[in-house]
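This report concerns only the one structure given below.
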Amino acid sequence: MNCLEERILKDGVVKEGNVLKVDSFLNHQMDIKLFDEMGAEFARRFEGKNINKILTIEASGIGIASVAALHFGGCPVVFAKKAKSINLDGEMYTAEVESFTHKNINHVIVSKKFLSSDDHVLIIDDFLANGCALQGLIQIAAQAGASVEGIGIAIEKGFQQGGRIIRNLGYQLESLAIVDGMDAEKGTIELRQQ
Ligand code: 5GP
């Protein structure tokens, strides 16, 4: 069992609606030593890939991606911003992302200055549920002509459809922990053996 899996079992809290709360170490208070170990594991799993940039989405992906970047030669991290209105001046790549936690639709944007066809990106995010956030980031990379070398996720909820959709698209998707089931009443979390 890796450090993230141990920590999920120790400090993860199961909420109604298939939501796993990990805000004591992952996406509110952040355990940077844990992030460092996660970054090292991503580097191991994507060894040999030609990665020059990490692409993530605000807010929760940023911390994980930033520490991981130190394991990829200190490459730049670009995060897709959630925009209130879309600026149609042609300077931005845009995608629509339905939020799993808030159930609303966000337009996410990345400036054309920071992503191009020269880029070989690793996409990183904290959670994979239905795959909407990842599909938005994949669309943005496609608009830029950048190649997606791989996708690194901290926690995949294996009982939701995102992992299957993204793997069926042919991407190397690496999730450091996969939750196969959880029960809000009993507070139990079932992890897939990897
Ligand atoms: P998806 O787009 O794959 O449906 O959901 C991924 C996004 O929703 C992630 O960026 C994450 O912020 C949020 N998310 C999805 N499931 C959970 C969850 O169980 N717990 C938390 N804290 N965030 C989640």
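Derivation of every value follows stated rules applied to the coordinates shown; laboratory data play no part. Being a predicted model, the structure only gives us computed values, none of them experimental. Glycine gets a Cβ as well: all are built from the backbone with ideal geometry, and neighbour counts include every protein chain shown.
Here are some notes:
- Taking 0.36 nm per residue of sequence separation and removing the Cα-Cα distance, the Gln29/Ser111 pair yields an extension gain of 26.7 nm.
- Cβ-based exposure ranking for Lys186, Lys81, in which fewest neighbours within 10 Å come first: Lys186, Lys81
- Helix content alone sets the calculated 222 nm mean residue ellipticity of the chain: runs of n ≥ 4 DSSP H residues at -39500 (n - 2.57) each, divided across all residues, give -8000 deg cm²/dmol.
- Pairs beyond 30 Å (Cα-Cα), from Lys49/Lys103; Lys82/Lys186; Lys21/Lys49; Lys10/Lys53; Lys33/Lys81: Lys49/Lys103; Lys82/Lys186; Lys21/Lys49; Lys10/Lys53
- Charge dipole (Cα centre; +1 on Lys/Arg Cβ, -1 on Asp/Glu Cβ; no other charges) of the chain amounts to roughly 260 debye.
- Shown for Phe46, Phe159: other C-beta atoms within 10 Å of each C-beta, ranked fewest to most, produce the order Phe159, Phe46.
- Over the range 79-159, the fraction of Cα-Cα pairs per 5 Å bin, rounded to whole percents and listed from the shortest bin up, is 3, 15, 25, 25, 17, 11, 3, 1, 0.
- Gap separating the Cα centres of the range 4-58 and the range 86-136, nearest whole Å: 19 Å
- Glu149 sits among other residues whose Cβ lies under 12 Å from its own Cβ, and their net charge, with Lys and Arg +1 and Asp and Glu -1, is 0.
- Taking other C-beta atoms within 10 Å as the exposure proxy, Ser99, Ser60, Ser117, Ser66 rank Ser117, Ser99, Ser66, Ser60 from fewest upward.
- In percent, rounded to a whole number, the relative contact order of the range 40-125 is 36, using alpha-carbon pairs under 8 Å and six or more apart.
- J(HN,Hα) series, the range 4-18, from Karplus relation 6.51 cos²θ - 1.76 cosθ + 1.60, nearest Hz, glycine and proline x: 5, 4, 4, 5, 4, 5, 7, 10, x, 10, 8, 10, 4, x, 6
- Taking the DSSP bridge list for the chain and keeping only pairs wholly inside it, about 45 percent are antiparallel.
- Whole-percent pair-distance distribution, where bins are 5 Å wide, for the alpha carbons of the range 142-194: 5, 17, 22, 22, 13, 9, 6, 3, 2, 0
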